[in-house]
1. Sorted by average packing, counted as other Cβ atoms within 10 angstrom per residue and highest first, what order do 405-414, 58-67 take?
2. Using alpha carbons only, how many angstrom separate the centre of the range 366-403 from the centre of the range 7-32?
3. Spin-label point model (7 Å from Cα, Cβ direction): what's the E289 to Q21 distance in nm?
4. In the chain, what percentage of the DSSP-assigned beta bridges are antiparallel, given to the nearest 5?
5. Beyond a 24 Å Cα-Cα separation, which of these cross-linked pairs lie in this structure: K160/K229; K373/K414; K153/K431?
6. What does the charge count near P70 come to, summing +1 for each Lys or Arg and -1 for each Asp or Glu among other residues with Cβ under 14 Å from its Cβ?
7. Quote the charge dipole size of the chain about the Cα centre in Debye, to the nearest 20; the model charges only the Cβ of Lys and Arg (+1) and of Asp and Glu (-1).
8. Exceeding 23 Å between C-alpha atoms, which entries from my cross-link table qualify? They are K372/K410; K50/K132; K247/K288; K50/K305.
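All of the numbers you see were taken from the coordinates with simple rules; none came from a lab. From a predicted model like this one, the values you see are computed outputs, not experimental measurements. FYI the Cβ positions are ideal-geometry reconstructions off the backbone, even for glycines, and counts take in every protein chain you see.
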Amino acid sequence: MFGGAAGFYFLTQRDRTPGAQAPFDPEKKTVVVLGSGWGATSLLSTLDTKDYNVVVISPKNYFLFTPLLPSVAVGTLNPRSIIQPTRYITRHKSRNVSVIEAEATDVDPTNKTVTFTDNSEIKGATSSTSIKYDYLVYAVGAEVQTFNIPGVKEHAVFMKELQDAERMQRGFMDCLETAAFPGQLPEEVDRLLHMVVVGGGPTGVELSGELHNFLEDDLKSWYPELAGKVKITLVEALPSVLPMFSKQLISYTESTFKESKIDILTKTMVKEVKERSVVLQMPDKSIKEVPCGLVVWAAGNKGRKITQDLMAKLPADQTNRRGITVDDSLRMKGAEDIFSIGDCTATSYAPTAQVASQQGAYLARVLHQLAKKDRLEKELKNLESLDVEGDQEKARVQKEIAVTRSKISKIQPKPFHYSHQGTLAYIGSEKAIADLPFMNGNIASGGVATFLFWRSAYLSTLFSLRNRTLVATDWLKVKLFGRDVSRE
């Protein structure tokens, strides 16, 4: 036991004390990475910085483990348990990586520059500038798609960023405390305690399940007069929730939600979100206004303005409204020196963390091959410029030239191929579902054992020992003491 504790302490201290790094090398090409999400972080973790000078520009100076956002939204996890500073990753690289917390505002593919602005509350004398790149990794992600539905931006709570989960937690506790206010009318209590989650994908389903856990595990103890009145409704425009899962698991989820008294409204569209209600178009096309205290929006992504502006500069090649068109090597069509990964692209793959993570790791390997090709081309140029005498020496140089040319010709990056590792979702009541590839088929499972697998899979996917320790500790604290019901 002592040995294990000593080993754990050693690992933590090693992580906390990164060694010296090589400085920027003016002879090396510069790779600028826009973003700090799944794709960018996977790239940075895999990239060999001996090959390049690397600059990271992102409005967030951390990586967010988005699959666990619903757990933060109900207080199961502490917000800081699922974020990892970008500098933690970059400081452990062999060459110094510059991390700039700023909002990229423009990409110029002709002059190969990126313009960015300091978006923090405290600004210095210089708050906007531009830098040049040799290669740009465009991984800015996407923003929430509201489908131009009235009231969504003003009255709904999103579930995409860390502040969204914190806002949802505050809003939910506000609804509870307001419902407990003396003299509150019964119909107003019912409205305040009605939570509507829009979007039947993994985020919406997991949030509904986490809300149910909060209700069963904690609210019944501390709000006994209100807990029985809390109502959760999940709204989905498609014929079923979780369309990426097998029919068997969809049915299992629906039956679990039914036992948990979570209402699922499929084939139902949101027409408007008001301050105190949500307007729905029901399956029979009738319009119904449903009173509610909180609307959580987890329904789709769209490209950011900077992405739309960049695509507009290359109108002949960028014609897909869903996002940036890339080739098999993830190069942006029309801009040879720009690579694009993650949710900002328009590929045949779903916009998931798993896809972006694999794209980032793949692109790191491609960049390593390009660096190797650059070195060989430099060697070839030097060999071709040699002025040698004597037939034997000329023959030797010609042989080296032929060998070098052969090596260069063999450096052809293989096309990106996504390897699906399975799909997981937590559905509440300590149950999860999993659709995992096996041999030439799939294994579909659901229940408590799958929930334990879900937790272990997420723990292993977290990027650092620090995050794994914090998340595991949070789970243990909730098991022992329950969730905190204080309202900030």
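1. Packing order, densest peptide first, comes out as 58-67, 405-414.
2. 33
3. About 5.6 nm separates the two model spin labels.
4. 50
5. Exceeds cut-off: K160/K229; K153/K431.
6. Net of charged neighbours comes to -2.
7. 860
8. K247/K288; K50/K305, as the Cα separations exceed 23 Å there.
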